[in-house]
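Trainee: Before I ask anything, here is the structure I am working with.
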Amino acid sequence: MEITTKTQTSQYIELLARLIALDASFLTLREKIIFHKFLLTDDEGNPFEDEKSFTERFLSLTITSISLVVKRVFPRANWNSSDSLKKVRISQKIMEVQNIKSTCYLDSDFPAMLREMKDPPFMLFYRGNLEILNRRCVSVVGTRRAFPETLKAATDFSKAACDDGFCVISGLAFGIDAASHKGALLSQTPATCAVLPSGIDIITPHSHTRLAVKILESGGLIMSEYLPGTPSVQFRYVQRNRIVAALSSCTLVVQAQSGSGAMITADFALGYNREVFFHKECFTREVPGKIGSSEASSPKTFVSDGAKVISDWADFKRKLYVE
C-alpha cells in the first residue's frame, strides 16, 4: 500500500508540474521543459515525495526565479505562483471528474507528426483513441459558410479516405469541418480527430456536442492543447489551425476565401513541409476574399504556385502517390 501511495503522489506531482509549466505561456517549448524539470526536485536536487513540500517551494517562486531557471528575462510577463496553482488545480480536477487524458512532448505517445513542428505544444489533452493518429492522416478544412456542393464534396472525400484506412483531421467548426467529420463517421472504418480552440471540456461550437460524442463513440479522438477550462477566443482558432495542419502529411482545402482560417491552415501546412490540395469545387464559384486579405493568400495563387487540384478521393490518391 505504501508503494502505491508513493507512486500515486509522484504521478500527481508530475502532472501538476506539467500543468504549471504549460500555464507559463510566456515560455518557449524548450523553456517549459527546463522549468518542468526544475519543478520536480527540491533545492538539493531530490524528487519531492509529498505535495505539501512541492507546493510550498512552488509558491515561493517569482517571475525572477523563473528567469534564473530558464536564463531569460521576461520584462512584460504577468505571472503569479498562487494564481497559477489555483488555475491548474481547477484544470486537474476537471481532468479527474471528466476522465480527460493527457500526453506531453516528453512522452513516447506524443504524436510524432507534431514533433516536426517549429512550435509544437508542450501538452495535449484528449478524449478517445490517440492511436488513430498512427494511421496516415489527411486534414480536411474549409469555410463555415459552405455551398451544398462543397459540403457534399467534403463528406464524400472523408468517407472514402476512412474507407481506405486514413484518419480525417479537422476542427469541428460549422460548414466543411463538420461535413468532414460526418463523412468519416459514415465509413465502415471510421477514424476522425477534432482539434478544439478551447479546453477539451468545452466543445466549440457547443451545438456540435452531439457530433463530438459520435466521434468518440466511433473510436475517434477529440484533442486540445489548452488547459481544461480554457475558453475559445479568436487567436486560439489560429493556433488550433497549426495543429490541424501539422497532424497530417497533406491538407485538402474544399472551399475557402483568401485570408480565411482554412487558407491560414494551408499556409501552416506548407510551412511544415506538408502537401496542400484544393478540391475542384473550391473554384466553381467566385467567393470574395476577406476584407484586407492579400491575393497571395487566395486558392488560385496557391494553385499557381504548385498546389494540386483534385476532384475526388481516387484523384487525390493518384496525385498524392504518382505526380
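The values are calculated or read from the model by the stated rules, or taken from the named source; none is laboratory data. None of the values given here were measured: they were computed from a predicted structure. As a convention, Cβ positions derive from the backbone with ideal geometry for all residues, glycine included, and neighbour counts pool all protein chains shown. These area figures cover heavy atoms from the full protein model, side chains too; ligands, DNA and RNA do not enter into them. Shrake-Rupley method; radii C 1.70, N 1.55, O 1.52, S 1.80 Å.
Trainee: Checking Val138 against (1) of a type outside the set (Phe, Trp, Tyr); (2) more than 19 Å from Ser249 (Cα to Cα); (3) in contact (Cβ under 8 Å) with a residue 40 or more places away in the chain, which single condition isn't satisfied?
Mentor: (2)
Trainee: Is it true that some residue in region 276-291 is closer than 23 Å to Ser198 by Cβ, at pLDDT below 90 and outside any helix (DSSP H, G or I)?
Mentor: Step one: filter region 276-291 for residues closer than 23 Å to Ser198 by Cβ, giving 290.
Keeping just the survivors that are at pLDDT below 90 gives 290.
Those left that are additionally outside any helix (DSSP H, G or I): 290.
Yes.
Trainee: While we're on this one: Given the conditions (1) open to solvent by less than 40 Å² (accessible area, probe 1.4 Å); (2) over 23 Å from Ile100 (Cα atoms), report the number of the one that Ile169 does not fulfil.
Mentor: Answer for Ile169: the failing condition is (2).
Trainee: Right, here's the next one. On the given criteria, is Leu216 modelled with pLDDT of 95 or more and open to solvent by less than 20 Å² (accessible area, probe 1.4 Å)?
Mentor: no
Trainee: Of the numbered conditions (1) open to solvent by 10 Å² or more (accessible area, probe 1.4 Å); (2) small (Gly, Ala, Ser); (3) within 22 Å of Gly199 (Cβ to Cβ), Ser139 fails exactly one; give the number of that condition.
Mentor: (1)
Trainee: Moving on to the next point. Here are some conditions: (1) touching a residue at least 60 places away in the same chain (Cβ under 8 Å); (2) in contact with a strand residue (DSSP E or B) (Cβ under 7 Å, 6 or more places away or on another chain). Val195 meets all but one. Which one does it not meet?
Mentor: (1)
Trainee: For Gln257, only one of the following conditions fails: (1) part of a helix (DSSP H, G or I); (2) open to solvent by 40 Å² or more (accessible area, probe 1.4 Å); (3) not hydroxyl-bearing (Ser, Thr, Tyr). What is its number?
Mentor: (1)
Trainee: Quick check: is even one residue across region 153-163 under 24 Å from Leu22 (Cβ atoms) and either open to solvent by less than 10 Å² (accessible area, probe 1.4 Å) or of a type in the set (Ser, Thr, Tyr) (or both)? So that I can check it myself, show each step before the final result.
Mentor: Filtering region 153-163 down to residues under 24 Å from Leu22 (Cβ atoms) leaves none.
Among the residues of region 153-163, not one is under 24 Å from Leu22 (Cβ atoms) and either open to solvent by less than 10 Å² (accessible area, probe 1.4 Å) or of a type in the set (Ser, Thr, Tyr) (or both), which makes the answer no.
Trainee: Would it be correct to say that Asp164 is over 22 Å from the mean Cα position of the chain (by Cα), at negative phi and modelled with pLDDT of 95 or more?
Mentor: Values: over 22 Å from the mean Cα position of the chain (by Cα): yes; at negative phi: yes; modelled with pLDDT of 95 or more: yes.
In short, yes.
Trainee: I need the helices (runs of 4 or more DSSP H) fully contained in region 37-154, keeping only those with at least 1 residues that are at pLDDT 95 or above and small (Gly, Ala, Ser). Working first, answer last.
Mentor: On the way: elements: 51-59, 63-70, 81-98.
Those helices (runs of 4 or more DSSP H) span 63-70, 81-98.
Trainee: Within region 155-168, track down each residue that is among the basic types (Lys, Arg) and either under 21 Å from Tyr272 (Cβ atoms) or in a loop (DSSP other than H, G, I, E, B) (or both).
Mentor: Start the filter on region 155-168 by keeping residues that are among the basic types (Lys, Arg), which leaves 159.
Matches in region 155-168: none.
Trainee: Right, next: Considering only residues that are surrounded by 11 or more Cβ atoms within 10 Å (Cβ to Cβ) and either free of Cβ contacts under 8 Å to residues at least 40 places away in the same chain or more than 22 Å from Ile33 (Cβ to Cβ) (or both), which ones fall in region 58-72? Show your work before the answer.
Mentor: As a first pass, look at region 58-72 and keep what is surrounded by 11 or more Cβ atoms within 10 Å (Cβ to Cβ): 58-59, 61-63, 65-70, 72.
Matches in region 58-72: Phe58, Leu59, Leu61, Thr62, Ile63, Ser65, Ser67, Leu68, Val69.
This table checks each residue for (1) of a type in the set (A, V, I, L, M, F, W, C); (2) touching a residue at least 12 places away in the same chain (Cβ under 8 Å); (3) surrounded by 14 or more Cβ atoms within 10 Å (Cβ to Cβ).
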| site | (1), (2), (3) |
| --- | --- |
| Gln8 | no, no, no |
| Glu14 | no, yes, yes |
| Ala17 | yes, yes, yes |
| Ala21 | yes, yes, yes |
| Lys32 | no, yes, yes |
| Lys37 | no, no, no |
| Phe48 | yes, yes, yes |
| Lys52 | no, no, no |
| Glu56 | no, no, no |
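Trainee: Still on this structure, please answer the following. Please enumerate the residues belonging to region 310-323 that are more than 26 Å from the chain's Cα centre (by Cα), open to solvent by 20 Å² or more (accessible area, probe 1.4 Å) and of a type outside the set (Ser, Thr, Tyr).
Mentor: Asp312, Ala314, Arg318, Lys319, Val322, Glu323
Trainee: Shifting gears a bit: Just the residues that are under 26 Å from the mean Cα position of the chain (by Cα) and open to solvent by 90 Å² or more (accessible area, probe 1.4 Å), please, taken from region 73-82. Give the steps one after another, and end with the answer.
Mentor: We begin by selecting, within region 73-82, every residue under 26 Å from the mean Cα position of the chain (by Cα); these are 77-79.
Asn78, the sole residue that qualifies.
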